[in-house]
Amino acid sequence: MTDSGTKTTHFGFRTVPEEAKAEMVHGVFTNVASKYDVMNDAMSLGIHRLWKDAMMDWLAPHNGQHLLDVAGGTGDIAFRFLKRAPNARVTVVDMTQGMLDEGRKRAEAAQMADRLEWVCGDAMALPFADNSFDVYTISFGIRNVTRIQDAINEAFRVLRPGGRMMVLEFSQMPTPALQWLYDRYSFNVIPPLGQIIANDRDSYQYLVESIRKFPPQEVFADMIRKGGFENVKYRNLSMGIVALHSGWKI
C-alpha cells in the first residue's frame with residue numbers, strides 16, 4: 001500500500017495500483033491470444049502438454065461432473081477433461097474475450113459444443129451461484145489474478161460440498177542451482193522468443209516476471225487452506241518448475 005492509501009500489487013516486477021492490474025493483464029492476453037498455444041509449445045518444448053495430462057491423471061474426471069475451468073480461454077483443460085469424461089460438462093471462464101474466441105476456433109470446440117459453455121468473467125467475482133460445480137481448475141492463470149486469495153475464496157464458494165479445486169501453476173524449484181539455471185533460460189530465451197513468434201517481447205517479459213512473484217508451494221498451499229479447503233496437497237512436476245495443488249470442499 002502506498003503512503004496515500006492506494007492499494008498496490010505487482011505486475012511482473014513493477015508495483016501498480018490494484019485497480020490497474022486487471023486491465024494490464026487483459027492487455028497482455030489480448031495481445032498474445034492468437035499465438036498463445038504456439039508459444040506454450042515453444043516455451044516449454046511441448047512439456048506443458050505432459051503437465052496438463054498429469055493434472056488430468058490426478059483429477060480423474062468422470063461422467064456427470066460439471067467442471068468450471070477458470071482462465072481456460074483456449075480450451076486445453078476443457079478438451080482434455082471431456083475426452084476423459086465424454087458425458088461431463090465444462091464451463092470455461094476467461095477475462096479476455098480474445099482467448100475465448102481462440103478456444104472456440106479449435107476443432108475440439110466444435111466436436112464438444114453441446115457440452116461446453118464459454119463465459120467472459122473475473123476469477124475474483126465469478127458470475128455463478130453458490131454450490132454450482134463439481135470441479136474447479138485453473139491452469140497457469142492464478143498468478144495473474146490481482147488478489148489471489150479472493151480467487152481461491154470464489155472457487156470454494158461455487159464448488160458443491162465434496163467438490164475439488166486443482167491448480168496447475170509455475171512454481172519454485174527446491175534446488176537453488178537448478179532455479180538459477182531455469183532463471184537464465186526464462187529471462188534470456190522466453191522474451192526474445194515472444195518477439196519472434198508473437199511479435200510481443202513485453203508481454204512475455206511480464207509472464208516470466210510474474211512466475212517469480214508467485215508464492216512458493218507451501219505458502220500457496222496455506223492460502224488454499226485459508227480459503228476453506230481441506231486435504232490440501234501438492235505435487236511438483238519437472239523438479240518444481242510447475243506444481244499441482246489440490247484441495248477439497250468438505
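Using only the Cα atoms of the range 42-94, build the gyration tensor, take square roots of its eigenvalues as a ≥ b ≥ c, and label the shape rounded, prolate or oblate: rounded if a/c is under 1.5, else prolate if a/b is larger than b/c, else oblate. In terms of gyration-tensor shape, oblate.
Farthest towards the positive end of the charge dipole of the range 169-250, among the residues Tyr204, Asn188, Gly247, is the Cα of Gly247, using unit charges on the Cβ of Lys, Arg, Asp and Glu.
Rounded to the nearest 500, what is the 222 nm mean residue ellipticity of the chain from helices alone, with -39500 (n - 2.57) per DSSP H run of 4+ residues and division by all residues? Don't skip to the end; give the middle numbers.
Numbers: 10 runs with 117 residues, N = 250.
It lands at -14500 deg cm²/dmol.
Extending 7 Å from the Cα toward the beta-carbon at both Phe187 and Trp248 defines two label points whose distance is 4.2 nm. Protection proxy ranking of 159-166, 228-235, by the mean of other Cβ atoms within 10 Å over each peptide's residues and highest first, is 159-166, 228-235. If R0 equals 45 Å, the separation of the Cβ atoms of Ala129 and Trp180 corresponds to a calculated FRET efficiency of about 0.45.
Taking the range 182-203 and a reference point 7 angstrom along Cα→Cβ of Arg14, the backbone N atoms nearer than 15 Å belong to 201-203. Phi angles of the range 181-191 translate, via the Karplus equation with coefficients 6.51, -1.76, 1.60 and θ = phi - 60°, into HN-Hα couplings of 5, 5, 4, 4, 5, 4, 7, 9, 10, 5, x Hz per residue; Gly and Pro are given as x. Each Lys and Arg adds +1 at its Cβ and each Asp and Glu adds -1 at its Cβ; summed about the Cα centre, the chain shows a dipole of about 500 debye. Using the structure shown, list the pairs from Lys21/Lys105; Lys83/Lys249; Lys21/Lys213; Lys52/Lys83; Lys213/Lys249 with a Cα-Cα distance above 19 Å, or answer none. Violating the 19 Å Cα-Cα cut-off are Lys21/Lys105; Lys83/Lys249; Lys213/Lys249. In order along the range 88-101, the Karplus-derived 3J(HN,Hα) couplings, from 6.51 cos²θ - 1.76 cosθ + 1.60 at θ = phi - 60°, round to 8, 10, 9, 10, 9, 10, 8, 7, 10, 4, x, 5, 4, 4 Hz, and Gly and Pro are given as x.
Modelled label positions at Leu50 and Asp150, each set 7 Å beyond Cα in the direction of Cβ, lie 3.7 nm from each other. Ranked by the mean number of other Cβ atoms within 10 Å per residue, highest first, peptides 200-211, 68-79 order as 68-79, 200-211. Between Ala107 and Thr6, take the C-beta separation as r, use R0 = 35 Å, and let me know the FRET efficiency to the nearest 0.05. E(calc), rounded to 0.05, equals 0.15.
Using the beta-carbon distance between Glu117 and Met239 and R0 = 35 Å, what value does 1/(1 + (r/R0)^6) give for FRET efficiency, to the nearest 0.05? Could you put the intermediate results ahead of the total?
Values: r = 36 Å, r/R0 = 1.04.
The computed FRET efficiency comes out at 0.45.
Let a ≥ b ≥ c be the square roots of the eigenvalues of the Cα gyration tensor of the chain; is it rounded (a/c under 1.5), or, if not, prolate (a/b larger than b/c) or oblate? Rounded, since a/c falls under 1.5.
Where a number appears in this text, it was derived from the coordinates with a stated rule and is not lab data. Owing to the predicted nature of the structure, the values given are computational and were not obtained by experimental measurement. Reconstructed Cβ throughout: ideal geometry from the backbone, glycine too, with neighbour counts over all protein chains shown.
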